[in-house]
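Worksheet for the structure shown next.
The values are calculated or read from the model by the stated rules, or taken from the named source; none is laboratory data. From a predicted model like this one, the values you see are computed outputs, not experimental measurements. Virtual Cβ from ideal backbone geometry, glycine too; neighbours counted across all protein chains shown. Please note that ligands, DNA and RNA were not included when accessible areas were found on the heavy atoms of the full protein model with its side chains. Shrake-Rupley method; radii C 1.70, N 1.55, O 1.52, S 1.80 Å.
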Amino acid sequence: MPRKNRRNPEFFQPQEAPRPRSAAPAWAELPGYDVRHVGGEKEYRCPGCDHVVRAGIWHLVVIPLDAPEERRHWHTECWRKELRAIGAYRSLPPE
């Protein structure tokens, strides 16, 4: 007697590769800047709130493409507030 519970052929299609951990969320990207999601090994000062970004905490590094020496380490929420302030924040639908 043949099997009746066959898998859907779409099950065998190659899946989309997951985003690397270092890739910034899509909402955080800004034209003219390289934005990375990192977990640093030392402390930094966030330009958004002027508080310390503690070592080992995942945060965003924002690097201007035309001035890489001007890179800054931001708390994720501080970068979101900055994007809202300059009118560049775009909310993405949940996946």
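Kindly establish whether E82 is assigned to a helix (DSSP H, G or I), at pLDDT 95 or above, among the acidic types (D, E) and more than 22 Å from R19 (Cα to Cα).
yes
Checking A55 against (1) in contact with a strand residue (DSSP E or B) (Cβ under 7 Å, 6 or more places away or on another chain); (2) more than 20 Å from S91 (Cα to Cα); (3) aliphatic (A, V, I, L, M); (4) loosely packed, with under 14 Cβ neighbours inside 10 Å, which test does it fail?
With respect to (1) in contact with a strand residue (DSSP E or B) (Cβ under 7 Å, 6 or more places away or on another chain); (2) more than 20 Å from S91 (Cα to Cα); (3) aliphatic (A, V, I, L, M); (4) loosely packed, with under 14 Cβ neighbours inside 10 Å, A55 is out only on (1).
What's the number of the only condition in (1) over 20 Å from A23 (Cβ atoms); (2) touching a Ser or Thr at 6+ places or on another chain (Cβ under 8 Å) that L60 fails to meet?
Only one criterion in (1) over 20 Å from A23 (Cβ atoms); (2) touching a Ser or Thr at 6+ places or on another chain (Cβ under 8 Å) is unmet by L60, namely (1).
Exactly one condition in (1) surrounded by 10 or more Cβ atoms within 10 Å (Cβ to Cβ); (2) in a loop (DSSP other than H, G, I, E, B); (3) among the basic types (K, R) is false for K42; which is it?
So K42 meets the others, but not (1).
Which of the following residues is loosely packed, with under 13 Cβ neighbours inside 10 Å, free of Cβ contacts under 8 Å to residues at least 24 places away in the same chain and within 24 Å of L83 (Cα to Cα): P9, P14, P20? Spell out the reasoning first.
On the way: P9 fails: within 24 Å of L83 (Cα to Cα); P14 fails: within 24 Å of L83 (Cα to Cα).
Checking each option against the conditions leaves just P20.
Under 15 Å from the mean Cα position of the chain (by Cα), in contact (Cβ under 8 Å) with a residue 40 or more places away in the chain and open to solvent by 50 Å² or more (accessible area, probe 1.4 Å), is that true of R90?
yes
Considering region 63-79 alone, what residues qualify as being part of a helix (DSSP H, G or I), touching a strand residue (DSSP E or B) at 6+ places or on another chain (Cβ under 7 Å) and not charged (D, E, K, R)?
T76, W79
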